[in-house]
Amino acid sequence: MLRHDRVRDTDLLVLPERVVVLEGHAGQIVGLCDGTRTVPGIVDTLAERYPGAPVADDVPSFLDRLRREGWLT
C-alpha cells in the first residue's frame, strides 16, 4: 500500500511487517501500478510528465527490482 508521510514529505510503501521509504519519483511510479496500466503505459505516462528524463530505462529496472524484492506482484 502506498502512503504519503506528510512529516517527512515522502512516499512510503507499506508492506506486511515492513515499511519502505521511497525517494524521488519512486512513489509516482508505484502509484501508477494500479493493475490497469502496462509497464510501457507507465513509461509513456512518465515520459509525458518528465520530457527528457531516462524513464524508458529507469522505470522497467525499478519495477523489476520491486518484483524481485516481492514488493510488487
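The values are calculated or read from the model by the stated rules, or taken from the named source; none is laboratory data. Everything numeric here is computed off the predicted structure, so don't read it as measured data. All Cβ positions, even for glycine, are placed from backbone atoms using ideal geometry, and neighbour counts span all protein chains on display.
Can you work out which of the residues in the stretch 7-41 that are touching a Ser or Thr at 6+ places or on another chain (Cβ under 9 Å) and part of a loop (DSSP other than H, G, I, E, B) is modelled with the lowest pLDDT?
Out of the qualifying residues, it is E23.
Considering only residues that are charged (D, E, K, R) and part of a loop (DSSP other than H, G, I, E, B), which ones fall in the stretch 42-59? Please lay out each step first, then the result.
So in the stretch 42-59, the residues charged (D, E, K, R) come out as 44, 48-49, 57-58.
Matches in the stretch 42-59: none.
Give just the number: which of (1) loosely packed, with under 11 Cβ neighbours inside 10 Å; (2) under 22 Å from T73 (Cβ atoms); (3) of a type outside the set (D, E, K, R) does V7 not satisfy?
Among (1) loosely packed, with under 11 Cβ neighbours inside 10 Å; (2) under 22 Å from T73 (Cβ atoms); (3) of a type outside the set (D, E, K, R), V7 violates only (2).
Scan the stretch 6-20 and tell me whether some residue there is touching a Lys or Arg at 6+ places or on another chain (Cβ under 9 Å) and not hydrophobic (A, V, I, L, M, F, W, C). Before the answer, list the steps.
We begin by selecting, within the stretch 6-20, every residue touching a Lys or Arg at 6+ places or on another chain (Cβ under 9 Å); these are 11-14, 19.
Next, only the ones that are not hydrophobic (A, V, I, L, M, F, W, C) stay: 11.
Yes; the residues of the stretch 6-20 include at least one that is touching a Lys or Arg at 6+ places or on another chain (Cβ under 9 Å) and not hydrophobic (A, V, I, L, M, F, W, C).
So which residues in the stretch 48-73 are farther than 20 Å from V20 by Cβ and surrounded by fewer than 16 Cβ atoms within 10 Å (Cβ to Cβ)?
The answer is E48, R49, Y50, P51, G52, A53, P54, A56, D57.
From (1) within 14 Å of the chain's Cα centre (by Cα); (2) not in a strand (DSSP E or B), pick out the condition that doesn't hold for H4.
H4 satisfies every listed condition except (2).
Between a first residue in the stretch 8-22 that is more than 19 Å from R65 (Cα to Cα) and a second residue that is part of a strand (DSSP E or B) and of a type outside the set (A, V, I, L, M, F, W, C), which pairs have beta carbons less than 9 Å apart while being 6 or more apart in sequence or on different chains?
T10/H4
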